[in-house]
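Comments concern the structure below.
Every number here is computed from the coordinates shown, using simple stated rules; none is lab data. These figures come from a predicted structure and were not determined experimentally. Here the Cβ positions follow ideal geometry from the backbone for every residue, glycine too, while neighbour counts run over all protein chains shown.
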Ligand SMILES: Nc1ncnc2c1ncn2[C@@H]1O[C@H](COP(=O)(O)OP(=O)(O)O)[C@@H](O)[C@H]1O
Ligand SMILES: [Mg+2]
């Protein structure tokens with residue numbers, strides 16, 4: 001297995017945020033982690049990218065246990081994390097944000113190639129290249145955050161609630177782009193509260209409830225699961 | 001009128017030295033929210049390194065300046081590694097007290113006989129002083145040199161911060177450390193660079209101060225350090241152009257107060273200006289609430 005999380009437990013002081021969770025992702029897949037607010041989704045991504053150190057567990061990526069790697073080293077393994085709330089550098093221009101997305105590279109051709117790829121997916125960013133990121137709209141910020149993750153041409157893209165706060169039209173647009181990114185070879189770990197959209201593009205899914213994985217399976221099976229339907233699809 | 005112009009020239013000279021020190025305060029504050037009280041002492045060490053380079057090693061002035069800057073960069077980086085890095089997650093007050101401790105240590109340790117010694121030393125002039133008279137104004141080649149070098153270094157800093165990848169990373173780290181790490185930025189490396197650059201500028205300030213006001217001693221960093229800190233706060237701490245603006249104002253206020261009111265009042269008035277500005281604009285002249293840093 002390409003990304004394998006085993007028996008992961010994380011606490012914030014006395015608060016237990018993740019309780020012995022395990023899940024996996026095969027190369028090329030879109031896997032989604034759905035759950036309500038506070039379930040622990042962001043904590044999972046922050047732990048994989050090394051921002052939070054867990055109490056126990058293993059995180060295997062490409063046959064390596066990356067649990068004790070510093071966050072900036074993990075970015076160098078080809079794992080890009082698009083954080084919740086987009087987290088642009090608002091004082092930097094759109095171009096500078098994207099340049100930092102490929103911070104670890106000094107190869108001009110590689111960066112130009114990465115930039116031209118992301119501008120193909122997000123032409124609107126190209127028009128705003130000199131603007132400070134702080135002046136972009138919500139949808140554009142989500143695009144910038146994803147583009148910043150993608151310039152380094154990562155193997156694994158982790159997205160934390162890309163649909164948050166966006167209009168249904170924009171959500172559709174973003175999810176179509178996620179599908180395109182995946183079909184051009186990038187594996188995706190997608191964290192969402194919007195279970196309907198997420199289950200529609202994912203191949204497999206895990207349901208996270210107060211720090212535990214309570215359901216898992218093929219995304220299309222979960223879409224028809226009565227428990228998922230009543231709790232997450234509002235039916 | 002000529003007298004006023006003359007004072008403005010003097011104010012620019014003092015302000016440009018303050019700016020070189022203030023930039024280090026503001027860079028470091030922008031990245032780790034620490035007021036590095038030892039910064040004025042790094043400025044002092046820079047003055048001494050330049051002194052020895054010129055007098056003992058007979059190095060030409062530009063080489064002596066670069067030597068002092070590199071020496072101070074190393075000292076700043078070592079101070080950060082030994083004193084501040086272990087306190088990275090400690091309460092702010094612990095860091096402030098440590099910074100004060102480092103400052104006292106540097107002042108008293110360098111006062112020892114086998115180091116700089118406790119006495120005032122006359123600073124060597126790298127070349128003869130030439131005064132140019134323009135009408136009733138007098139400008140010396142030293143004044144021009146101080147001003148030109150300070151401006152040049154500030155332009156280089158601006159290019160570094162806005163045009164290089166490391167400069168972009170510095171601004172990103174100042175804004176959001178977690179997200180910066182997701183880009184692959186090593187925070188420790190950026191902090192090291194920041195201390196190095198800030199200390200090198202202070203070192204240059206020390207050498208320029210030495211040749212302009214030609215006397216040095218191990219406690220000489222205290223007052224300019226404090227003034228430069230005030231300048232950084234005045235302009236909006238964490239903001240590079242703010243440090244330059246604040247330093248210009250501080251230099252000017254100080255010189256004009258000495259000229260027109262009384263030289264014993266100059267520090268009091270300088271701090272009064274700070275109080276008034278902070279009452280009107282608590283984030284400093286160029287401060288925008290709390291978002292834009294560096
Ligand atoms: N920095 C933090 N300090 C303390 N508790 C936190 C912190 N971040 C998250 N938590 C808690 O951990 C739990 C999981 O949070 P999170 O991973 O953000 O959930 P989700 O992303 O699914 O909304 C919540 O109970 C939240 O309150
Ligand atoms: Mg979350």
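Which of B:254, A:127 has the fewest other C-beta atoms within 10 Å, and how do the rest follow up to the most?
A:127, B:254
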Subject >> Extended-chain gain in nm, criterion 0.36 nm per residue less alpha-carbon gap, residue B:5 and residue B:57 >> reply: 14.9 nm
Original post:
How large is the helix-only mean residue ellipticity at 222 nm for chain A, computed as the sum of -39500 (n - 2.57) over DSSP H runs with n ≥ 4, divided by its residue count, in deg cm²/dmol to the nearest 500?
Top reply: -10500 deg cm²/dmol
Subject >> Efficiency of FRET from Cβ geometry, residue B:104 and residue A:20, R₀ 56 Å, rounded to 0.05 >> reply: 0.65
**OP:** Any chance you could check the Cα centroid distance between segment A:109-144 and segment B:22-73 for me, in angstrom?
**Re:** 40 Å
**OP:** Can you put B:190, B:151, B:66 in order of Cβ neighbours within 10 angstrom, beginning with the fewest?
**Re:** B:151, B:66, B:190
Original post:
How far apart, in nm, are two points set 7 Å out from the Cα along the Cα-to-Cβ line at residue B:136 and at residue B:115?
Top reply: 4.7 nm
Original post:
Counting pairs of alpha carbon atoms under 8 Å apart in space and at least six apart in sequence, what relative contact order in percent does chain A give?
Top reply: 27 percent
Subject >> Selected from B:49, B:275, B:65 as most flexible by GNM, with chain B as the system and alpha-carbon contacts under 10 Å >> reply: B:275
Subject >> Whole-Å distance, taken between Cα centres, linking segment A:8-73 and segment B:217-294 >> reply: 47 Å
Subject >> chain B, relative contact order in percent, only Cα pairs under 8 angstrom and at least six apart counted >> reply: 37 percent
Subject >> chain B: angle of helix B:187-212 to the longest principal axis, Cα-based, in degrees nearest 10 >> reply: 10 degrees
Original post:
Helix A:138-150 sits at what angle to the longest principal axis of chain A, using alpha carbons and giving 0 to 90 degrees rounded to 10?
Top reply: 90 degrees
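If the chain between residue B:163 and residue B:74 were fully stretched, how many nm would it gain, using 0.36 nm times the residue separation less the Cα-Cα distance?
Contour length minus Cα-Cα distance gives 29.7 nm.
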Original post:
Using every alpha carbon pair in chain B, what percent of pairs falls into each 10 Å bin from 0 up to the bin containing the largest distance?
Top reply: 7, 28, 36, 22, 6, 1, 0
**OP:** Give me the angle, in degrees from 0 to 90, between the Cα long axis of helix B:240-260 and the longest principal axis of the Cα atoms of chain B, rounded to the nearest 10.
**Re:** 30 degrees
Original post:
Using the 10 angstrom Cβ neighbour count as an exposure proxy, how do A:43, B:264 rank, fewest first?
Top reply: B:264, A:43
Subject >> Separation between Cα centres of segment A:155-171 and segment A:81-108, rounded to whole Å >> reply: 17 Å
**OP:** State whether segment B:68-195 is rounded, prolate or oblate according to the following rule on the C-alpha gyration tensor (a ≥ b ≥ c being the square roots of its eigenvalues): a/c under 1.5 gives rounded; otherwise a/b larger than b/c gives prolate, and the remaining case gives oblate.
**Re:** oblate
Original post:
Given only helices, namely DSSP H runs of n ≥ 4 each adding -39500 (n - 2.57), what is the per-residue ellipticity at 222 nm of chain B, to the nearest 500 deg cm²/dmol?
Top reply: -23500 deg cm²/dmol
